[in-house]
Every structure is written in structure tokens, then in C-alpha cells.
1. List 141, 270, 128 from most exposed to least, where exposure is judged by having the fewest other Cβ atoms within 10 Å.
2. With label points built 7 Å along Cα→Cβ from the Cα atoms of residue 226 and residue 280, find their separation and express it in nm.
3. For segment 234-281, what is the convex hull volume of the alpha-carbon atoms per residue, in Å³?
4. Less than 14 Å from a label point 7 Å out along the Cα-to-Cβ axis of residue 156: which backbone N atoms in segment 219-259 qualify, by residue?
5. Once R0 is set to 45 Å, what does the formula 1/(1 + (r/R0)^6) return for the Cβ-Cβ distance between residue 130 and residue 301, expressed as a FRET efficiency to the nearest 0.05?
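Every read-out reported here was derived from the displayed coordinates using simple, explicitly stated rules and does not represent laboratory data. As the structure is a computational prediction, the values presented were derived from the model and not from experiment. Cβ coordinates were reconstructed from backbone atoms using ideal geometry, including for glycine residues, and neighbour counts include every protein chain displayed.
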Amino acid sequence: MLENLGAESGMVMKKAAFSFPVRPFRDFLLLLLWGGSILWLSSRGTLALYLHPSIQPYTLGAGVFLLVLAAFATRGILIKETKGGETHHSAHDHSCCSHGEHHDHGHHVEHEGHEYSHDEGNGFSSLIVKTLLLLLPLAMIYAGTGTKFSISTVQNRGIVQDLANLPAAKPSNESAKAATATLSNPSSPAMPIQIIDLLYAVQMPSYREEFEGKQVEMTGQFVPLTTGNPKGDRFQAIRLFITCCAADAKPVGVTVRYHGSLKVPEMGWIKITGIPTFPMEGGRRAAVLEAIKVEECAAPDEPFVY
């Protein structure tokens, strides 16, 4: 009889070991981490590194909503713990009242407890894998690799030089203002432009006239030009254009002709001063920036263009 009671007590303690609400606690931590991270990125002004400006307010709202859900998740944890305690006491009372039952019954319950432990072990492994997958994007963000694209990524996605492939593209506001200022004051310094502006000018003669013969300044990432470069004096300057977020980034680029020597790593950031030209090449009009000066520079605060 005492032996049977000891076996049932061991089974109860074994079940009690799994009574901690692991899944609700995991959900609470994930909601807290994601919501807190979104608000932290927003407070630092770095959401622009990952998202188009038009959807950043909605993302901020989602971060607040996740924190509210995390607060509600704490209630679920407390309820689970309370039920777990009640179940433990109920099982203990049952074992005390049934200590006179047959020993085979105790053996059967112990076997069921063993199966329960085995199932929980498999479920726990699956829970860990799913949790790691949900934490992976956050790990990339905190490691600073969420917005870094290698030369292989650019080559695989292909450099876009035709705005027909970017229906959402528009000329930058900065370039329009700078072009107006330059036309009204010819002695002003080189006007800042974006790569997307030169691609836009290829298709619009009226817009193209604002750049021809004028000195401009442009920032981009250096990509060597291995084909169609017989004199070795050309390379491509690219920026990553996003429609929604960093995941859909497409490299856009223009050809730069420079007769000086360059010691810039692939995908390194450069500032180019030069004069835009729009020659016919291969039966199509193209944008070629005749560079006067090319110098390495730091990455801009917003690496993407929209």
C-alpha cells in the first residue's frame, strides 16, 4: 500500500514539473521583445533603415499594440499557474484517497505519466525551434546586418536601369528643389541628386534638360563593371530602392565614367561629383555620369531611396 502511494506521489510530482506555463510565458516574452524593439527603433529614428516612410506610423502603432497584448499575456500566465496549483492539490488528494486501490492501477497511471512526459518533450523541442525563428529577425537587427547587402545579392537581383521596372519611383524632392535653385543661380555649387533622378531623366526630355551640362553631386555604393567596359574607366553607382521594406529592395544604378584611380571596396559608399550625360548606347538612351571627383564617404543615415 505504501509502495503504491509512493509511486502515485512520484507521478504527481512528475506532472507538477511540467505545470509551469512555458508557452504563455514564451508568448509574453516575444510580444514584449517585438513591441519594445519597434518602439526603440522608432525613438532612435532608425525605422527608415527597414521600412518605407509611409508605413512607419502603422508599424509604430503595431508596436504599441504588441505591448498591450504582452500585458494581457501576463494574465494568462497567472491563470495557468493558479490552475496548475489547483491540479496538483487535487491530484494529491486523489492519491491519498485511492491508496487502497490495486497496485496494477498505480502502475498503469505511472505508464501514462511516462507517455505524457515523452509528448511534452517533443512539444518543447518544437517550441524552441519556433521561438528561435521568431527571434532571428530581431537578432539580425541588433547585430546590424538587417540592411547590409553583399555584391552577390546585388548581382543576383540585377541592377535596374529602366524605371519601367519601378512603377512606384518618383524624382526626389531634394533634386527638384536643387535644380530650381541652380537654374536661378548658375554660380551655385553642385546640386545634390539621387541616382533615381538620372534614371527618371532618361525617360523625360524636359526633366533631362535640367541636368545636362550642370555639375551634380551624388552618393551611392561602388559596384565594379566587369562587362561592357573595354577601357576600364567605368563602374556603377547603385542605391537600393524599396517599395515597402528592406526585404523587397531592388538595386538601381547608373554608369559612372572616371579616369582616375579608385581604391574602393565593393559596395563601399562613395560621393561622386560630375556632369550627367545621356548618350545613345546600344540603341537606347542611357545615363552616364562623367565624374570629376570620386571619394569614399560614410553611409548616409537613410541607405535606401523610395
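1. Details: 141 17, 270 20, 128 12.
Ordered from fewest to most neighbouring Cβ atoms within 10 Å, 141, 270, 128 come out as 128, 141, 270.
2. 3.2 nm
3. Values: hull volume 5.8 nm³, N = 48.
Here the figure is 120 Å³ per residue.
4. 247-251
5. Numbers: r = 35 Å, r/R0 = 0.78.
With R0 = 45 Å, the Cβ-Cβ based efficiency is 0.80.
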